[in-house]
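S.K.: One structure, pasted below without further comment.
The values are calculated or read from the model by the stated rules, or taken from the named source; none is laboratory data. From a predicted model like this one, the values you see are computed outputs, not experimental measurements. Heads up, the Cβs are rebuilt from the backbone with ideal geometry, glycines too, and the neighbour counts pull from every protein chain shown. SASA here: full protein model, heavy atoms, side chains in, ligands and nucleic acids out. Shrake-Rupley method; radii C 1.70, N 1.55, O 1.52, S 1.80 Å.
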Amino acid sequence: MNPNTTVPPQGTVGGSHRAKQVFAGSLWGILAKILDALAKFITIPLLVGFYGKADYGLIALAFSLNAYLRLMDLGFNVGAVRYFSMWTAKGEWEKIGNVSRSSVVFYGVIGLANAVIFLGMSAYGQQLFNLTDAQVPLYRQMMYILAFSTVLNWLSGVAVQLLSAKDELAYVNRVTVVSSILNFTVALLAIQLHWTLITYFAWYTLTTLIPIPFYIWRLRVFPISRSVLLAPRWDGGAFREILTYSLAIFLMGLFQLTANNLRPLLLGKFANGMEVLTDYRVIQTIAMLIVAFGGVFMQVLLPSTSKAYAEGDHQRIERMVFEATKYISIFLSFMVFVLILNADEILLLYMGNDYSGLSLWLSLWLLTVLLSMHNTPVASLVLSTGKTRFLVYSSAVACVVSLPITIIFAPSLQVGAAVVGYLVYMVLQIGFFYSYYIPKVLRLDGFRLFTRAFLPAAIGGVSALLISRYATGQLTLPHGYGMVIASSVIFAVIYVVYLLIFVLKPAAIRELKETLMGKGNGNA
């Protein structure tokens, strides 16, 4: 894009093109998340059966440690996408190059620090967690593998940020699809070839590094060379603009990551053995499917909301947030209530009779995720404004209140303690959004947003759930896949009929179809 080129106004081909890019990014993102979730869904019971519940808990522990240390990002990922998006829209390529090269230095240092932490933790397994003597060597080798891979994983973030700002999320997610397929293949090979736990973990980690060269190759879409984008060179002045914004995101992310990713670590410390982490991983795999969808929406909405906010069109922003909240709520409500409806059968088919007691905690986690993810459009807009100070305070309060719940109830509720703690955290966070950010910072009607964009979809989901449960109870259906399919079909029919009568008017359906097909004005 030439710096002197004007951005097409709303209603032109540019608006339609952006809408199609957002839709394509969402579609591929959803596909990638579905495949990744399905791969985990299929392989976890196989891996638990092959390696045992306690040793598989070590893998869950390693994943949790790796996820928690992502807080070392300092919020820069969100800040970089925001600023790269705005600079891309203005054609400020020199500024993008200066900051991206500085980012390579920044993430390289973080990756090395991350590696040192893993190496240090490898020596203190039994002091930190309830490991048996036999598990200590396995834990130590996993820390070594993570220390090796973490530098490359951190550096790859720069390429993903640049591609996100250039509306290349569809490509990024296509590469993710390939990585998910490889992850699945590695798990099957591990079982078929009787790999040791460490051999499987090493190959799994390797598959997470395979997308990196593909990301780098795609950077050719920029009008400047890849060496200008990625050759390490520090420019403190250019970097400082993003870092100042990102530090506020970091403080918010510190409490969010602590509240979310410290919970399994607390279970590993205060609950009874590593088996509880396998329980946690089982219901997390199912619930995180919904979280992943929310993450996809955040991923594609952040660049669009950043550009919309930069243009200062409040009416367009209000419409974008309302429509996005409505359709995200419809989609996620369908997913959540179908899973709740079939929770008992899914766990039975998935893991066996020993895991049937997890259905209550799975359902509660799914409802909490729905409450959280409906707020994705608002959250993306808040991040676009840069006014994040109150988010730091609200995240801190919610974190401090919720974490002790996991510690106190871990011995008695086991995995349920983490779920209840997450519920408390999310209720507090959503309450802060609706009481402060939506009305006072974004100047939006929170009551209208909740009652007309989110609540109709949620009410439809609850109603379809209750009717479907009653209907399937009246039918003579065999337990297992037949029950899941039949109840899901009944739920889908009832939910769609409800939407067509009470939520989606013909004009709204036509507008949505035109936007997604690129024939209408587009508002993304």
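S.K.: Mind scanning Lys166/Lys440; Lys53/Lys269; Lys387/Lys440 and naming the pairs with a C-alpha gap bigger than 22 Å?
M.R.: Details: Lys166/Lys440 31 Å; Lys53/Lys269 17 Å; Lys387/Lys440 11 Å.
Over 22 Å apart, Cα to Cα: Lys166/Lys440.
S.K.: Can you tell me the length gained on complete extension of the stretch Thr451 to Leu475, counting 0.36 nm per residue apart and subtracting the Cα distance?
M.R.: Working: separation 24, 0.36 × 24 = 8.64 nm, distance 3.47 nm.
Going from the current span to full extension adds 5.2 nm.
S.K.: Leaving out ligands, DNA and RNA but keeping every protein chain, what accessible area does Lys166 have, in Å² rounded to the nearest 10, with a 1.4 Å probe?
M.R.: 50 Å²
S.K.: Ranked by accessible surface with a 1.4 Å probe, highest first, in what order do Ser488, Ser227, Ser103 come? Before the final figure, lay out the partial values.
M.R.: Numbers: Ser488 30, Ser227 75, Ser103 0 Å².
Accessible-area ranking of Ser488, Ser227, Ser103, largest first: Ser227, Ser488, Ser103.
S.K.: Roughly how many Å² of Val400 are accessible to a 1.4 Å probe, to the nearest 10?
M.R.: 100 Å²
S.K.: Still on this structure, please answer the following. In a shell of Cβ-Cβ distance under 13 Å around Lys387, excluding Lys387 itself, what net charge do Lys and Arg (+1) and Asp and Glu (-1) give? Write down the numbers at each step before the final one.
M.R.: Working: positive: Arg82, Arg389, Lys440, Arg443; negative: none.
Once positives and negatives cancel, what remains is +4.
S.K.: If R₀ is 35 angstrom, what is the calculated FRET efficiency for the pair Gln126 and Tyr434, using the beta carbon separation as r and rounding to 0.05? Numbers along the way, then the final one.
M.R.: Details: r = 45 Å, r/R0 = 1.28.
After rounding to 0.05, the efficiency reads 0.20.
S.K.: Could you order the peptides 35-45, 258-268 from most to least packed, using the average number of other C-beta atoms within 10 Å per residue?
M.R.: Details: 35-45: 18.6, 258-268: 22.6.
Highest-to-lowest ranking by the protection proxy: 258-268, 35-45.
S.K.: Here's a follow-up. Please compute the net charge surrounding Leu442, taking Lys and Arg as +1 and Asp and Glu as -1 over other residues with Cβ under 14 Å from its Cβ. Please report the intermediate quantities before stating the final value.
M.R.: Numbers: positive: Arg316, Arg319, Lys387, Lys440, Arg443, Arg448; negative: Asp313, Glu318, Asp445.
Net of charged neighbours comes to +3.
S.K.: I've got another one for you. What nm distance separates the two modelled labels at Val496 and Ile210, each placed 7 Å from Cα along Cα→Cβ?
M.R.: Once both label points are built, they end up 3.5 nm from each other.
S.K.: Taking θ as phi - 60°, what are the ³J(HN,Hα) couplings along the range 405-415 by the Karplus curve (6.51, -1.76, 1.60), each to the nearest whole Hz, with x for Gly and Pro?
M.R.: Listing the rounded values in order: 4, 4, 5, 5, 9, 4, x, 9, 8, 6, 4 Hz.
S.K.: Within the range 63-172, which chymotrypsin sites (Phe, Trp or Tyr not before Pro) sit in a loop by DSSP and count at most 13 neighbouring Cβ atoms inside 10 Å? Can you show the working numbers first?
M.R.: Numbers: sites: Phe63, Tyr68, Phe76, Tyr83, Phe84, Trp87, Trp93, Phe106, Tyr107, Phe118, Tyr124, Phe129, Tyr139, Tyr144, Phe148, Trp154, Tyr171; in loops: Tyr124, Phe129.
Filter output for the range 63-172: Tyr124.
S.K.: Then there's this: Residues of the range 333-364 with the amide nitrogen closer than 19 Å to a label point 7 Å from the Cα of Ile191, along Cα-to-Cβ, please.
M.R.: From the range 333-364, the list is 346-356.
S.K.: I've got another one for you. Considering only protein heavy atoms, with the full assembly of protein chains and a 1.4 angstrom probe, order Met274, Met121 by accessible area, largest first.
M.R.: Values: Met274 5, Met121 35 Å².
Per-residue accessible area, sorted high to low, gives Met121, Met274.
S.K.: How high is the relative contact order of the range 106-265? Use alpha-carbon pairs under 8 Å, at least six apart in sequence, and give a whole percent.
M.R.: Details: 102 pairs, mean separation 35.8, N = 160.
Averaging sequence separation for qualifying contacts and normalising by length gives 22 percent for the range 106-265.
S.K.: Something else: Measure out, as a whole number of angstrom, how far apart the alpha-carbon centroids of the range 109-147 and the range 358-406 sit.
M.R.: Centre-to-centre distance over Cα atoms comes out at 29 Å.
S.K.: Points 7 angstrom from Cα along the Cβ direction at Ser225 and Val178: gap in nanometres?
M.R.: With each label point 7 Å from Cα toward Cβ, the separation is 2.5 nm.
S.K.: Report the accessible area of Ser412, computed with a 1.4 Å probe over the heavy atoms of all protein chains in place, in Å² rounded to the nearest 10.
M.R.: Counting only protein heavy atoms, Ser412 exposes about 80 Å² to solvent.
S.K.: What is the Rg over Rh value, at two decimals, for the range 328-424, using alpha-carbon atoms and the Kirkwood definition of Rh? Present the calculation step by step, with values, prior to reporting the outcome.
M.R.: Working: Rg = 16.3 Å, Rh = 15.3 Å.
Result for the range 328-424 is an Rg/Rh of 1.06.
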